[in-house]
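Comments concern the structure below.
The values are calculated or read from the model by the stated rules, or taken from the named source; none is laboratory data. This structure is a prediction, so every number in the text was calculated from the model and none was measured. Here the Cβ is made from the backbone with ideal geometry for all residues, glycine too, and neighbour counts use every protein chain on show. All accessible areas refer to the heavy atoms of the entire protein, side chains included, with ligands and DNA or RNA removed. Shrake-Rupley method; radii C 1.70, N 1.55, O 1.52, S 1.80 Å.
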Amino acid sequence: MKKTLSILLALVLCLALFSASAENAPVTVSVWHTWGAGVGLDALNAAVEQFNQTIGQEKGIVVDINYTASRSSGNTQTMEKLMGAIATGDVPDIALLDNFQVASWAAQNALMPLDEAMAKAGFTLDEMYAWAQEGSVYKGKTYSIPYNGDVRILAVNMDLFEKAGLTEADIPRTIADIEAVAEKLTIEDNVGGFEQVGFIPWAGAGRPIYTWGWAFGGDFYDAEKNEVTVNRPEIIEAVQWEHDFAAKFGLTKFVEFANGAMAGSGATDPFISGKVAMIVYRNDQIATIGTYAPDMHYVTTVIPTKDPEHVTTWAGGWGWTLPRGAKNVDAAMEFLKYISSEEAQMTIFSTEGYSSLAVLPSVSEAVFKDREDFKSVLEVLPVAKIRPSIPVGQMLWDNLGTVLDNVLYEKDTPENQLNQLYKDINDELSMY
């Protein structure tokens, strides 16, 4: 009897200890991200370590980050593995997605709306740039927490300017300016081609029709009507301008030169190699100029627009989402509250360098204020636009690329194509 009682007491004690241990065990928040290596991963690791050693210890939360490969699609990336995980219910607590894709995922009921969870955790997106907030919302609900961003500006090779007798006073501010300056910077070779051109409107980050559609004063989406407005007169005019710009230099031979030049990267990038005197770049591309062309004298400025009083650019970026079926919502939101804070953003973007931008103005200004070539970046960040946060965003992106190619090869007019795209894209959007 005594032996039996002793065994029973020992079992009870073990169960009690096990239960207490289970209650005190930290909650593990699993995070899927797409940073395979480099400064992006270093920055994320630094922020996660800070969280785990401070707030995580205090609240019994451990964040575990895992690389999950992304699949490129046009100018965006998405986690192919994530949709399969959602279908089986075996999902991470947090997944990092290209914010451009968030509306598509939300429309498929693959993501959790975050407004209630954010309110419970005690934070908002109010201090972030407007473009970051806008890209996180679909049908009035928040589906992602912005993580970072990028914008587009004009880079100008001043060495080539000086050879052509141009100065900083000649840096283009308007569409008319860039046409005039480009002519002075374009040099033909002896075999019917070009040694150098002043500008290619669709090179670099100028490729999407978004860049020039906004520069001409157009817009691509009417939120009140839930209508893609891709055939607005300003956008038609912008696409026609790209064609006409090339036509001034022989159209076909100019397009062929552009195709060859744009195939280069790194040291053979058309701007870095001196084949193109001016180019629209993202901030991360600007940051690499010093690596491949350390002696180049260059400056950056805002993208030329039709109206000199109109300053514009567009932004991309990534956001944190909670897949449908995420189990540790409260703990996940504690981490997202932290990673959205000024403290964490300073750690991330001080570590990362210049390849992406903070979504908090105070952090971007603090990190980038001492780089002369980022002054224009800071100037345009507050006014940046984003691609429409709609579930047919990828379809719109792909078709805009096709429109531009067809116009450059004179297969059809901008007006015909954009009117057809207006009909097709809005037919698709109406299904949502």
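A few comments on the model shown:
- Taking the charge dipole of the chain about its Cα centre, with +1 at Lys and Arg Cβ atoms and -1 at Asp and Glu Cβ atoms, the residue from 240, 151, 182 reaching farthest to the positive side is 151.
- Each Lys and Arg Cβ is given +1 and each Asp and Glu Cβ -1; about its Cα centre, the stretch 347-389 then shows a dipole of about 220 debye.
- Calculated semi-axes √(5λ) of the Cα gyration tensor in Å (choose from (1) 48, 25, 18; (2) 33, 26, 19; (3) 41, 30, 24), label: (1)
- A simple spin-label model places pseudo-atoms 7 Å from Cα toward Cβ; at residue 369 and residue 432 they are separated by 3.9 nm.
- The alpha carbon gyration tensor of the stretch 281-432 gives principal lengths a ≥ b ≥ c with a/c of 1.5 or higher and a/b no greater than b/c, which makes the shape oblate.
- Pairs from 59/120; 184/306; 163/248; 306/369; 141/225 whose Cα-Cα separation, in the structure shown, is over 26 Å: 306/369
- Residue (of 293, 329, 349) at the positive-pole extreme of the stretch 291-383, dipole from beta-carbon charges: 329
- Under the membrane-span-like helix rule (DSSP H runs whose alpha carbons stretch at least 20 Å along the helix axis, mean Kyte-Doolittle hydropathy -0.5 or higher), the chain yields 2-24, 39-53, 233-247, 393-408.
- Magnitude of the charge dipole for the chain, about its Cα centre and with charges confined to Cβ atoms of Lys, Arg (+1) and Asp, Glu (-1), is about 1580 debye.
- Fraction of beta bridges assigned by DSSP in the chain that are antiparallel (%, nearest 5): 70
- Looking at the chain, the accessible area is 44 square angstrom per residue; that uses a 1.4 Å probe and ignores ligands, DNA and RNA.
- Nonpolar atom fraction for the chain, defined as the carbon and sulfur part of the 1.4 Å probe accessible area, stands at 51 percent.
- For residue 29, distant residues with modelled amide H under 5 Å away: 62, 63, 64
- For residue 81, the lysines whose Cα falls under 21 Å of its own Cα, not counting residues fewer than eight places away in the same chain, are 327.
- Counting 0.36 nm for each residue step from residue 240 to residue 130 and taking away their Cα separation leaves a gain of 36.6 nm.
- Given R0 = 35 Å, the distance between the Cβ atoms of residue 416 and residue 223 translates into a calculated FRET efficiency of 0.85.
- Each peptide in 135-145, 414-424 receives the mean, over its residues, of other Cβ atoms within 10 Å, and ordering these scores from highest gives 135-145, 414-424.
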